[in-house]
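A short worksheet on the structure shown next.
The values are calculated or read from the model by the stated rules, or taken from the named source; none is laboratory data. The model shown is predicted, which means the values in this text are computed figures rather than measured ones. When we count neighbours, we look across all protein chains shown, and the Cβ atoms used for this are built from the backbone with ideal geometry, even at glycine.
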Amino acid sequence: MSNPHPSFRDSVDRMFTHAASLMKLPPGLEEKIRVCNSTYTVRFGVRLRGAIHTFTGYRSVHSEHMEPVKGGIRYAMSVNQDEVEALAALMTYKCALVEVPFGGSKGGLRINPREWDEDELERITRRFTYELSRRSLISPSQNVPAPDMGTGEREMAWMADAYKRLHPDDINAKACVTGKPVTIGGILGRVEATGRGLQYALREFFRHPEALKRAGVEGSLSGKRVVVQGLGNVGYHAAKFLQQEDGCVIVTVVEYNGTVSNPDGLDIEALKAHVNETGSVAGFPGATFREAGLEGLEDECDILIPAAVESVITEENAPRIKAKLVIEAANGPVTAEGDEILKKRGIVVIPDMYANAGGVTVSYFEWVKNLSQISLGRLERRHEEARNRMLVEEITRLSADSGVKWTLSDGFKEAYLHGADELELVRSGLDDTMRESYMKMQEVWFGDDRVEDLRTAAYVVAIRRIANVYGSLGL
Ligand code: NAD
């Protein structure tokens with residue numbers, strides 16, 4: 001009998017099993033791919049405020065069919081073994097889907113980061129890193145963490161430094177974590193990467209009239225009403241880019257301590273500044289405020305972006321969701337039951353493993369940059385500019401010699417002569433990844449009648465790729 005309230009990991013497993021049931025995998029391989037290889041639990045003490053405080057952390061390795069394994073580290077009180085295992089599994093499938101050559105991992109520390117000051121968090125993080133390093137659960141060649149909920153550049157910098165001190169002779173030490181500040185080996189565009197990737201994913205979806213038809217959406221992104229849950233790294237960047245660059249109207253922002261709405265649109269940059277200053281969305285000028293809760297997810301809109309935590313769209317509220325399109329910025333925001341209901345109601349879900357893959361994609365670029373010890377574009381940029389200049393000068397000369405006056409359009413020369421810098425290369429690589437991966441999912445979605453949704457399609461693509469790796473390894 002099926003459990004009416006599955007855990008996050010059960011939800012992921014169910015979605016996986018449904019997709020695998022549509023495939024012909026060699027006997028036993030489905031189970032091998034699905035199970036989590038190992039989860040390490042550590043309890044360590046740190047002396048703070050005159051007493052020893054004991055913290056519990058996890059690092060789960062879902063699949064090592066490719067190494068290093070990759071996955072963020074989350075700081076939250078809700079962190080538990082089930083959650084990190086579900087997130088590690090999603091990392092395996094995500095990396096396979098977007099062709100990032102890593103296995104899946106995830107970590108977490110049960111802590112409320114708001115309860116500790118910066119010095120204390122640094123001591124806790126360095127101690128956690130030491131525990132992980134002792135078991136090769138942080139290592140440039142075996143296991144590479146990154147930011148997730150409650151962590152960011154600052155924590156990654158502490159981890160990178162702690163690792164370097166433990167392994168001073170490792171020339172690749174910097175590559176032990178991604179999402180670092182640029183000053184210590186990070187890459188331009190990593191902070192915005194997940195939100196940027198989500199924007200590219202939506203742009204790609206809107207390039208396909210048949211996909212839009214299935215969602216019952218018309219026209220372009222411009223003017224689409226959007227509800228966002230979570231104004232953290234992912235939600236803020238996604239909302240900002242969609243508002244400023246695609247003309248979306250952000251009508252509601254749901255945060256853990258309140259919801260604000262304005263049918264004419266909320267200025268995301270101003271709202272973020274307000275939250276940074278006051279700690280809450282409450283009191284934001286020109287917006288209607290509601291107490292904390294999930295009701296905002298049910299607001300009238302075209303696109304719903306859950307960008308906070310898992311399991312927020314369930315069998316309970318899925319019948320009342322009004323969006324036509326849900327794009328999962330967070331990992332696992334829709335439960336297996338919620339997903340069934342949305343599907344039956346014709347609401348298209350762009351799944352987490354694709355929608356938020358921008359983070360791991362740019363993390364991959366950062367890892368490559370660290371191993372090659374050189375920033376992207378440094379060798380080619382001026383060479384590219386010189387060749388472009390030659391071409392423009394030649395055209396100008398030909399025009400003069402032929403007596404026909406050709407005039408280059410305004411701004412063409414400057415734009416064409418400009419060689420791509422690191423940020424432009426990162427965005428280009430990310431855009432390419434999001435477009436190509438979408439097409440692979442869509443081929444399965446449109447090409448197989450048994451595949452009813454993009455999530456199943458994403459799993460099919462990912463499982464096929466992982467199965468191929470196992471096949472090549474002779475397992
Ligand atoms: P973050 O800590 O920067 O932001 C999370 C935001 O959600 C915060 O503003 C927080 O106040 C809010 N929030 C927390 N609980 C909430 C609740 N119950 N209701 C409403 N709002 C709530 O985290 P993030 O890095 O933006 O991650 C958000 C989600 O995106 C997570 O599921 C994470 O796994 C996923 N993700 C993050 C990345 C990344 O690169 N950071 C990459 C892929 C996926």
Of all residues making up region 146-181, the number that are among the polar types (S, T, N, Q) and either modelled with pLDDT under 95 or touching a strand residue (DSSP E or B) at 6+ places or on another chain (Cβ under 7 Å) (or both) = 2
inquiry  = Just checking, does region 274-285 include any residue being near the ligand (Cβ under 9 Å from one of its atoms) and either touching a Phe, Trp or Tyr at 6+ places or on another chain (Cβ under 7 Å) or in a strand (DSSP E or B) (or both)?
reply    = no
query = Could you say whether any residue in region 320-336 is polar (S, T, N, Q) and more than 16 Å from the ligand (Cβ to nearest atom)?
reply = no
request  = Name every residue in region 130-185 that is in a loop (DSSP other than H, G, I, E, B) and among the charged types (D, E, K, R), in order of residue number.
outcome  = Arg135, Asp148, Asp169, Asp170, Lys180
remark   = When (1) near the ligand (Cβ under 9 Å from one of its atoms); (2) outside any helix (DSSP H, G or I); (3) touching a strand residue (DSSP E or B) at 6+ places or on another chain (Cβ under 6 Å) are applied to Phe289, the one that fails is (1)
query = Do we have Gly223 as over 22 Å from Asp432 (Cα atoms), touching a Gly at 6+ places or on another chain (Cβ under 8 Å) and away from the ligand (no atom under 16 Å from the Cβ) here?
reply = yes
remark   = In region 60-77, anything part of a strand (DSSP E or B) and either away from the ligand (no atom under 15 Å from the Cβ) or without any contact (Cβ under 8 Å) to a residue 60 or more places away in the chain (or both) is listed as Ser60, Val61, His62, Ser63, Val69
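Per-residue answers, yes or no, for (1) out of contact with any Phe, Trp or Tyr (no Cβ under 8 Å at 6 or more places or on another chain); (2) surrounded by fewer than 23 Cβ atoms within 10 Å (Cβ to Cβ):
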position: Phe289; (1), (2): yes, yes
position: Glu298; (1), (2): yes, yes
position: Leu325; (1), (2): no, no
position: Asn331; (1), (2): yes, no
inquiry  = Looking at region 226-259 only, could you name the residues that are part of a helix (DSSP H, G or I) and near the ligand (Cβ under 7 Å from one of its atoms)?
reply    = Asn233, Val234, Gly235
ask   = Restricting the search to region 334-359, which residues are within 22 Å of the chain's Cα centre (by Cα) and among the acidic types (Asp, Glu)?
value = Asp339, Asp352
Some residue of region 393-403 being crowded, with 17+ Cβ neighbours inside 10 Å, away from the ligand (no atom under 16 Å from the Cβ) and assigned to a loop (DSSP other than H, G, I, E, B) = no
task = Determine, yes or no, whether Thr335 is assigned by TED's automatic domain parsing to the domain that holds Pro209, over 30 Å from Val100 (Cα atoms) and not small (Gly, Ala, Ser).
result = no
